[in-house]
Amino acid sequence: MSIILKELADLCGARIEGGDSSATIHSAAEITSAHQGQVTQLTNSRYTRHLKHSMASACFIAEGFGVENVPESMTLLICPDPELSFIKAVELLHPARTYEQKIAPQAVLEANIILGNNLYIGPYAIIGEDSSIGDDSQIHAGAYVGKNVKIGKNCRIYPYAVIYDDVVIGNNVIIHSGAIIGADGFGYKFRNNAHVKVPQVGNVVIEDNVEIGANTCIDRGALGSTLIGAGSKIDNLVQIGHNNKVGKNVIMCGLTGVSGSCNIEDYAILAGSSGIADHVTIGRGAVVMARSGVAGDVQAGAQVFGSPAKDKKTAYKEQIAISKLPELLKKVKMLEEKIQMLEGNS
Amino acid sequence: MSIILKELADLCGARIEGGDSSATIHSAAEITSAHQGQVTQLTNSRYTRHLKHSMASACFIAEGFGVENVPESMTLLICPDPELSFIKAVELLHPARTYEQKIAPQAVLEANIILGNNLYIGPYAIIGEDSSIGDDSQIHAGAYVGKNVKIGKNCRIYPYAVIYDDVVIGNNVIIHSGAIIGADGFGYKFRNNAHVKVPQVGNVVIEDNVEIGANTCIDRGALGSTLIGAGSKIDNLVQIGHNNKVGKNVIMCGLTGVSGSCNIEDYAILAGSSGIADHVTIGRGAVVMARSGVAGDVQAGAQVFGSPAKDKKTAYKEQIAISKLPELLKKVKMLEEKIQMLEGNS
Amino acid sequence: MSIILKELADLCGARIEGGDSSATIHSAAEITSAHQGQVTQLTNSRYTRHLKHSMASACFIAEGFGVENVPESMTLLICPDPELSFIKAVELLHPARTYEQKIAPQAVLEANIILGNNLYIGPYAIIGEDSSIGDDSQIHAGAYVGKNVKIGKNCRIYPYAVIYDDVVIGNNVIIHSGAIIGADGFGYKFRNNAHVKVPQVGNVVIEDNVEIGANTCIDRGALGSTLIGAGSKIDNLVQIGHNNKVGKNVIMCGLTGVSGSCNIEDYAILAGSSGIADHVTIGRGAVVMARSGVAGDVQAGAQVFGSPAKDKKTAYKEQIAISKLPELLKKVKMLEEKIQMLEGNS
């Protein structure tokens, strides 16, 4: 896909400055690696030093972002929000592969299925009975959709994602390969020296505009639903146990685990490899920093770190104190001796 | 599925008190969300306060569990073990989907396979040569069973679980989607600046009544077997390396990793995101608390916390001490000054 | 597979001492479990005590590795590198299953594919358009190869591994089941109270001789490539985010996470459940110890531990100091009292 620079600027809401606005742009790249025919962005002043050596033909930059030494051959694309304009440019220059309307002959469609318009259902995909798929959705090769599943419009279910029975999925949801939605929650009662399985008869409800990463697991509720709120984004290899209620626009990074029956409120951020014990509330907009383990409620807007997690400032103070601890041990030993001497003298 | 309350009580071994024993119960729910026509349980005194507002038509409760303010419309189902009775009720009201005896035409069955009676083998499931499947087992859509695999009776292998060659699986085993059983262990020797692969020619043996969560990985032995003992329950996204011996009725929660050649003895509990270094023994009934990292043996019955993990009491004491550390630093500085003054005086 | 001991010794470059060199060896085993007809190795002096009770018919051992009490029936196989010789023996005695040249009729091959010689493509494998597979490679049952993917020679792609579009894979690469290569990186911009997806239009490049464990995820670059250098070995359930550059012969153990845009230089080792924040460089040959969390650059050759990770010696010193901290608190309290008394006296 190639676009004349002037046209790209117009489509992305940018004003042109310098360079050759009639140049052809064929792709987007980072400022450190871009070459002729590519467009880049400069939004972080840490990268400003790369500008003068950049071979990019064009660069999105914010109104008023001060730069010097712009290469002669580079056109600045000045705009209010260069990150968003660059996203627009990337979408134009690197359009997603399209999938024509098609139900592959090797797909298995069980009885009583409701199919929307303009669907792509790939080879070896399986749609269980009583399920429905909304308009414009893609169910890629080998994706497994269980029985009585509802999938909304414009969803993309990647190869070998697995949706267990009774799961409900909204519109514009992306589920990557290997994600397992609706497997049994992990619940047992210990009786007569053995673990008796608690039936897991709830489901998972995923609201609109959610993205779920590769190999992530979201367990069905024991009773009732595990809920993923609208706009939440979940990275790869995340474990979300049964009956969690995840709010809207929550971020969960890779390898994070949420045990069960938690409330993760809107806009919370769980950074990489963090973990949340069961029945915990993470307040609206709270941030659980990477590798932290949370055992009790976290207030809205708080930032916590460590395992067990504490308020970030407290945790940092303790970390600094720990780094002084070996020295402190020596010092106290010395004070002890001095006191002994003073006691002898007095 | 609906049941008359009186009948439900009988089937679950409960005695009726109050309410309308001829009411129809159609499903089970938690006490906080149950409404008319639903049965619930009250087994934890933290939830007693919810009883008086509950709309549930019936509630399992232990003989002698003191409650007041039972709603008029609610029948108490009094029994010796309400948790188990409630499990029974859930199973009655929410029966698992049944799968009729069937070998889907799209399943691939290689040569020399022994099939038991009353099997369900779903579309695109693959059974490798020389393998056997016991009576009443379900091999769901797309599940992959390698060559020379033995699967016992009444097992349930969910879609896209993968069983590598030579794995042996007992009876009543549940393996969820995306679980990978028997991939190569992670073993290399470093020679001439490169990693030489150590052949992984052992297998995995899974005893009866084990449940294995979604996307969990259990590696085959390098030589000999990786063993999962009877009744053990393993959550999602758990990594179990080669040649581990996991005992009976062990619990392993999500995102836990066990490196290799460990002994995890009967009834041990590895909580979420914990990790065990190689060649370590976790004693019978020991508990490794969430996010703990164990580098040395843990005695039977011990509870350990932290990374590196220590006896729980010690670890907690240290955690408390750390929280006092910033204050301690100030105090010692003050003492230092006082001593200096005393030294000047003496 | 059986071999006469004398012949095995020759094939593995070992000299025979004692025992019966005409014995038949049928398999390999660990020294603690080996019995008659099996060959073992002794390379670690911790295991020397097991030698005298071993029933193995033969044992690889290093030139000059002092042993006594060798059982009469055991032949020592003396060689310069018993670990490598034992690997050779295991490969001879336990040969990998062979897969005859075959393209299963149930495989889906889209348009414009270039296939090498001597390929095995299993049932329900899918190869997307414009992709190529090099000679002698195995694409096992149900493996998904997207569009415009290049796979080199002699690769083994296990069942239900997923290779997204545009991924490039070198020669002799092994990818285990459930590994997801090339899913979207985790990138969003927060605008108008929602997360706007940053298009992920790069790819993943995997060089020669790489092995990738079960259920591991390697995300495609946002722009440009995520790179896995030649000879690197990655365990199960590892998360490698977008635009990471992993060098040659790197080791990453299970459940490790690397956020994004990191440089993991040649020969680095990331032990189990470790984590690396974004834009971090892990220097050549550096070791990140198990469960450590790295937020800043690590120098070549360094060993770091803890979360936040520090130089191993510093971290260990702090760990020891922490274990003395509860005692220290008491001691300081005592000193305080003594000083008070001294102050009263002076």
Inset, instruction - Could you pull out the residue among A:Val70, A:Val162, A:Val108 that is over 25 Å from C:Ser177 (Cβ atoms), in contact with a strand residue (DSSP E or B) (Cβ under 9 Å, 6 or more places away or on another chain) and of a type in the set (A, V, I, L, M)? - result: A:Val70
Legend entry - Boolean, A:Ala214 is within 24 Å of C:Val162 (Cβ to Cβ), touching a residue at least 24 places away in the same chain (Cβ under 8 Å) and outside any strand (DSSP E or B): yes
Inset, instruction - Give the residue, chosen from C:Ile113, C:Ile181, that is in the same structural domain as C:Ile228 (by TED's automatic domain parsing) and either open to solvent by less than 20 Å² (accessible area, probe 1.4 Å) or in contact with a Pro (Cβ under 7 Å, 6 or more places away or on another chain) (or both). - result: C:Ile181
Legend entry - Hey, A:Lys333 out of contact with any Leu (no Cβ under 6 Å at 6 or more places or on another chain), open to solvent by 40 Å² or more (accessible area, probe 1.4 Å) and facing chain C (nearest Cβ under 10 Å) or not: yes
Legend entry - Matching residues in segment A:244-269 - criterion: being within 11 Å of chain C (Cβ to nearest Cβ) and part of a strand (DSSP E or B): A:Ile251, A:Met252, A:Gly257, A:Ile269
Legend entry - Search result, residues across segment C:200-211 that are farther than 29 Å from B:Val238 by Cβ and either in a loop (DSSP other than H, G, I, E, B) or not assigned by TED's automatic domain parsing to the domain that holds C:Ile174 (or both): C:Val201, C:Gly202, C:Glu207, C:Asp208
Inset, instruction - Kindly check whether there is at least one residue in segment B:280-287 that is under 19 Å from B:Val246 (Cβ atoms), polar (S, T, N, Q) and open to solvent by 30 Å² or more (accessible area, probe 1.4 Å). - result: yes
Inset, instruction - Report the residue count in segment B:220-232 for those that are under 22 Å from A:Gln239 (Cβ atoms) and open to solvent by 10 Å² or more (accessible area, probe 1.4 Å). - result: 0
Inset, instruction - Identify all residues within segment B:272-287 that are more than 14 Å from chain C (Cβ to nearest Cβ), assigned to a loop (DSSP other than H, G, I, E, B) and not basic (Lys, Arg); write none if there are none. - result: B:Gly283, B:Gly285, B:Ala286
Legend entry - In segment B:225-237, the residues that are of a type in the set (A, V, I, L, M, F, W, C) and either over 15 Å from B:Gly182 (Cβ atoms) or at the interface with another protein chain (Cβ under 7 Å from one of its Cβ atoms) (or both): B:Ala230, B:Leu237
Inset, instruction - Run down A:Ile169, A:Ile212, A:Ile174 and say which single residue is within 25 Å of C:His242 (Cα to Cα) and buried (at least 24 other Cβ atoms within 10 Å of the Cβ). - result: A:Ile212
Legend entry - Residue list for segment A:131-159, restricted to those being charged (D, E, K, R), open to solvent by 30 Å² or more (accessible area, probe 1.4 Å) and away from chain C (no Cβ under 14 Å): A:Asp135, A:Asp136, A:Lys150, A:Lys153
Inset, instruction - Determine whether segment B:233-241 contains at least one residue that is surrounded by fewer than 24 Cβ atoms within 10 Å (Cβ to Cβ), within 14 Å of B:Ile174 (Cα to Cα), charged (D, E, K, R) and under 16 Å from the mean Cα position of the chain (by Cα). - result: yes
Inset, instruction - Filter segment B:40-72 for residues that are hydroxyl-bearing (Ser, Thr, Tyr) and open to solvent by 80 Å² or more (accessible area, probe 1.4 Å) and give the result. - result: B:Ser45
Inset, instruction - Determine which member of the set C:Asp297, C:Asp266, C:Asp235, C:Asp311 is within 26 Å of A:Ala34 (Cβ to Cβ) and not basic (Lys, Arg). - result: C:Asp297
Inset, instruction - Would you mind finding the one in B:Gly296, B:Gly275 that is in the same structural domain as B:Lys233 (by TED's automatic domain parsing) and buried (at least 16 other Cβ atoms within 10 Å of the Cβ)? - result: B:Gly275
Inset, instruction - May I ask you to list the residues in segment B:82-106 that are within 11 Å of chain A (Cβ to nearest Cβ) and within 19 Å of A:Glu110 (Cα to Cα)? - result: B:Ala96, B:Arg97, B:Tyr99, B:Ala104, B:Pro105, B:Gln106
Inset, instruction - Go through (1) assigned by TED's automatic domain parsing to the domain that holds A:Ile218; (2) buried (at least 17 other Cβ atoms within 10 Å of the Cβ); (3) over 17 Å from the mean Cα position of the chain (by Cα) one by one and return the number of the condition A:Leu325 breaks. - result: (1)
Inset, instruction - Of the conditions (1) within 13 Å of chain A (Cβ to nearest Cβ); (2) part of a loop (DSSP other than H, G, I, E, B); (3) of a type in the set (A, V, I, L, M, F, W, C), B:Ala222 clears all except one; give me its number. - result: (1)
Inset, instruction - Look at segment A:202-219 and say how many of its residues are charged (D, E, K, R), at the interface with another protein chain (Cβ under 9 Å from one of its Cβ atoms) and within 15 Å of the chain's Cα centre (by Cα). - result: 1
Inset, instruction - Give the number of residues within segment C:177-199 that are part of a loop (DSSP other than H, G, I, E, B), more than 27 Å from the chain's Cα centre (by Cα) and at the interface with chain A (Cβ under 8 Å from one of its Cβ atoms). - result: 3
Legend entry - Test: B:Cys253 is surrounded by fewer than 23 Cβ atoms within 10 Å (Cβ to Cβ) and either at pLDDT below 95 or not hydroxyl-bearing (Ser, Thr, Tyr) (or both): no
Inset, instruction - Can you confirm whether segment B:310-326 contains a residue that is at positive phi and away from chain A (no Cβ under 14 Å)? - result: no
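The values are calculated or read from the model by the stated rules, or taken from the named source; none is laboratory data. The structure presented is a predicted model; accordingly, all values stated were derived computationally and were not measured. Counting neighbours? That spans all protein chains shown, and the Cβs are built from the backbone with ideal geometry, glycine included. Protein only, heavy atoms only, side chains kept; ligands, DNA and RNA dropped before computing areas. Shrake-Rupley method; radii C 1.70, N 1.55, O 1.52, S 1.80 Å.
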